[in-house]
Amino acid sequence: MSVLPLVFTSGWASGINAYAVVLLFGLLGATGVTDEVPAALQRPDVLIVAGVLFVAEAVADKVPYVDSVWDAVHTVIRPVSGGVVAALLAGHNGSLPELAAGAVGGSTALLSHLVKAGTRIAVNTSPEPASNIVLSLAEDLGVAGLIAFAVFHPVAAAVIAGTLLAAGIAVVVLLWSRIRRFLQRRRQRRAEKRPAAVGGAAPPVT
């Protein structure tokens, strides 16, 4: 069977939580649950680093505004991770060229990352922190469940991942006006602080 469905699902999941994907794949392979996981993801050092970073993301992802900063930092990391994991899966399976798999995994990870980042910006317009925690937990559980499901039912998992990706894009489009207003206010606050930092305090009005 082609590894493409598993590559697509892993790409979607990497855009949400790249460290969880590496950790879950590594653990599933290292414990002998599946032989679909390449040896590079099962190495103890990879599992330790992925575990530490997963815990860091689990905390940062549930704090309002900190989650958006974390997302901004991971705009490059998540797509790259998605591409690397996809290429490793393709190289292990041998049914899909690694370069093509990396392109699919990386581009899918970028799309799902942008959906996540946009949704978080919209959620951060709400003053209460509960929505961030609930959304983050739902993302973590969704990634864990879908990766475990994809190992045994890759095609069905890919269909679910594609549906979630399409639904997420639709949600971001619907919330775009709120996201745009938030970004405009943030740019305005930065612009207001910049003259004071560069030129000092404004002269008193006489």
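The values are calculated or read from the model by the stated rules, or taken from the named source; none is laboratory data. All of these numbers come straight from a predicted model, not from anything done at the bench. In this analysis, Cβ positions are derived from the backbone assuming ideal geometry, glycine residues included, and neighbour counts consider all displayed protein chains. SASA here: full protein model, heavy atoms, side chains in, ligands and nucleic acids out. Shrake-Rupley method; radii C 1.70, N 1.55, O 1.52, S 1.80 Å.
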Test for ARG186: is it open to solvent by 40 Å² or more (accessible area, probe 1.4 Å), modelled with pLDDT under 85, under 20 Å from HIS74 (Cα atoms) and in a helix (DSSP H, G or I): yes
Hits in region 17-38 - residues which are assigned to a helix (DSSP H, G or I) and without any contact (Cβ under 8 Å) to a residue 24 or more places away in the chain: LEU27, GLY29, ALA30
Check on VAL3, in contact with a Ser or Thr (Cβ under 8 Å, 6 or more places away or on another chain), under 18 Å from ALA157 (Cα atoms) and in contact (Cβ under 8 Å) with a residue 12 or more places away in the chain: yes
Some residue of region 71-87 being open to solvent by less than 10 Å² (accessible area, probe 1.4 Å), among the hydrophobic types (A, V, I, L, M, F, W, C) and in a helix (DSSP H, G or I): yes
Top-ranked residue in region 47-59 [being surrounded by 17 or more Cβ atoms within 10 Å (Cβ to Cβ) and not aromatic (Phe, Trp, Tyr); ranked as nearest to the chain's Cα centre (by Cα)]: GLU57
